Structure formats: structure tokens, C-alpha cells
1. Give P234, P211 a once-over and let me know the one that is open to solvent by less than 100 Å² (accessible area, probe 1.4 Å), touching a residue at least 60 places away in the same chain (Cβ under 8 Å) and either in contact with a strand residue (DSSP E or B) (Cβ under 9 Å, 6 or more places away or on another chain) or more than 30 Å from T109 (Cβ to Cβ) (or both).
2. Would you pick out the residues in the range 71-95 that are surrounded by fewer than 24 Cβ atoms within 10 Å (Cβ to Cβ) and either farther than 15 Å from R127 by Cβ or in contact with a strand residue (DSSP E or B) (Cβ under 8 Å, 6 or more places away or on another chain) (or both)?
3. Tell me the helices (runs of 4 or more DSSP H) entirely within the range 1-119 that contain at least 3 residues that are under 19 Å from P211 (Cβ atoms) and more than 17 Å from the chain's Cα centre (by Cα).
4. Return the total of residues in the range 162-177 being surrounded by fewer than 15 Cβ atoms within 10 Å (Cβ to Cβ) and not polar (S, T, N, Q).
5. Go through (1) within 13 Å of T217 (Cβ to Cβ); (2) surrounded by 15 or more Cβ atoms within 10 Å (Cβ to Cβ) one by one and return the number of the condition D13 breaks.
6. Let me confirm something: among N159, N155, which residue is closer than 17 Å to P44 by Cα, modelled with pLDDT under 95, more than 17 Å from the chain's Cα centre (by Cα) and open to solvent by 30 Å² or more (accessible area, probe 1.4 Å)?
7. Applying the selection to the range 230-241, what residues are at pLDDT 95 or above and either more than 29 Å from E151 (Cα to Cα) or not charged (D, E, K, R) (or both)?
8. Somewhere in the range 194-204, is a residue surrounded by fewer than 23 Cβ atoms within 10 Å (Cβ to Cβ), under 19 Å from C76 (Cβ atoms) and out of contact with any Leu (no Cβ under 6 Å at 6 or more places or on another chain)?
Amino acid sequence: MKDSNINPIGVFDSGLGGLSVWLELVRLMPNEDIIYFADSGNCPYGNRSKEEIIDLSIRNTEFLLRKGAKIIVVACNTATAAAIKILRKKFDVPFIGMEPAVKPAAKQTKTQHIGVLATKGTLESERFQETKNEYAKGVTVHMQIGEGLVEIVENQQINERSTLILLQQYLQPMLAHHVDKIVLGCTHYPFLRPVFDKLLPQNVDLVNPAPAVARQTLRQLERFELQTKNIIEPKYEFYTSGNEEILESFLKYIQAK
């Protein structure tokens, strides 16, 4: 695989949320070329069947491989939970997946109560249950499905009052149980940070797994000797199965931050 080190990192998500992971990859590995695919035409994945998510994940992977991806980051908790084992068996490239950061949240909590905000598909997955059972012993995990939050990010309605009201409804039960860590179990949710900041008391921390995923990606590149030797400006490519203008608008939004 050594000859592949000039090839790009491939990243896919159900939509635009995985760009929260893309940002961390760029920060950690500023010389790597990256191809990002947003499957916004089929977003959200959270309420789809496992079989549908597996099929979509295979198609997304095949697209990135046609573009020459040397490693693939599944920047979607729902797709990781449903499909990553199958993707690893089917394709001969390294895969990096997402999972809600229950382990660090459970380790760091002082109240012994943590919250997890995620999609239905993630919270009901076997992968999430295994993670919770292994790492959150002695800690109460308060789970909340973030119905509608993915669509809010996709449609760039982050700063609307209706978003504040909806997120408040989701957070209030967790806060009533004195959680001091809230795990962001969907890659779309970090883009709601301005709204979280308005609603959360200072003693409650958000736990975003994206930086850890970037570090794991770097470790795998080193393990397989796939790091680029590129010393010129990296190339970033973005594709979507949805509206290209929405993708372009969102990229301008995050790059302005």
C-alpha cells in the first residue's frame, strides 16, 4: 500500500455533518488531500433500515474508491453502527468509524450522569449498546433522540428561534438529571454549538468525538505507511448527492468561522 500515499483521504457522511470531522482532519493533517462526499440526497440516515444504510454506505465507499481514496473515514455515527463491519470485510482499504464518545464522558463525569444526543439508528444499534455497557458502568446514561436536528443543519437553520426551542426540549430532561457531560452522537450536532452555548450552564461540557477520529485516522495512515509526502498546498474536493448550492453555501459558512 506504500504506493498509495499520494492518494487522498476519503470521507463520507449522510450529509454535511461529517464536515465537522473534515475540519479536524485538515487541522491535524494539513498536507493531506481529502475527498468529501455528502449523501444529502438520502439524508437523514437515522430513521432508515439497517439494510438501506448498508447499501448506501457501500455505494458511498465505491464512489470514494473510484476517486482513489487510500483510507476511508465513515464520518457518520449511524452508518458506522450499521455498516462498518461489512465495509471492512468487503473492501481492501482501512476504515475509520465514528462512535459516541461515551468512554471519555463516563471517565470525566463528576455527577455520574452523562447525556447522549444521537439519532435513533445510533442509539438503537448494537455497537452503541456494547460501548455503553463496557465503558459506562456505574454511570447513568440519559439518551435522547435528536429528531429534526440533522435537517436543521442541512437546511442551515441553526440560528432560527425554532432551533433554540427544539434543542431546549431535548436538553432539559438531561439537565434535570444533573448531567455534566453531553455526548454529541451525530457529526451534524457540533455545528449547533452556538445554540448549545446559549442553553447549557457552564458546568456542562459537550463531548465531540471528531478530534479523536482525526487522531485515529493519522495513526492508521502511519500504521499502513500511507502518509503523504506532499509539501505543496493540499487539494480538497467536495461532492454531494443533493443540492450543490447548499453544499457550497455551507462550506462558505464553516470556513468563515
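The values are calculated or read from the model by the stated rules, or taken from the named source; none is laboratory data. Computed from a predicted structure; not experimentally measured. Note: ideal-geometry Cβ built from the backbone for every residue, glycine included; neighbour counts use all protein chains shown. Heads up: the accessible areas ignore ligands, DNA and RNA and are worked out on the full protein's heavy atoms, side chains in. Shrake-Rupley method; radii C 1.70, N 1.55, O 1.52, S 1.80 Å.
1. Of P234, P211, the one residue that is open to solvent by less than 100 Å² (accessible area, probe 1.4 Å), touching a residue at least 60 places away in the same chain (Cβ under 8 Å) and either in contact with a strand residue (DSSP E or B) (Cβ under 9 Å, 6 or more places away or on another chain) or more than 30 Å from T109 (Cβ to Cβ) (or both) is P234.
2. Once the filter is applied, which keeps residues that are surrounded by fewer than 24 Cβ atoms within 10 Å (Cβ to Cβ) and either farther than 15 Å from R127 by Cβ or in contact with a strand residue (DSSP E or B) (Cβ under 8 Å, 6 or more places away or on another chain) (or both), the range 71-95 yields I71, I84, L87, R88, K89, K90, F91, D92, V93, P94, F95.
3. Counting at least 3 such residues, we get 102-108.
4. Of all residues in the range 162-177, those surrounded by fewer than 15 Cβ atoms within 10 Å (Cβ to Cβ) come to 162, 165, 168-169, 172-173, 176-177.
Checking which are not polar (S, T, N, Q) leaves us with 165, 173, 176-177.
Count: 4.
5. (1)
6. N155
7. Those that are at pLDDT 95 or above and either more than 29 Å from E151 (Cα to Cα) or not charged (D, E, K, R) (or both): Y236, F238, Y239, T240, S241.
8. No, that holds for no residue.
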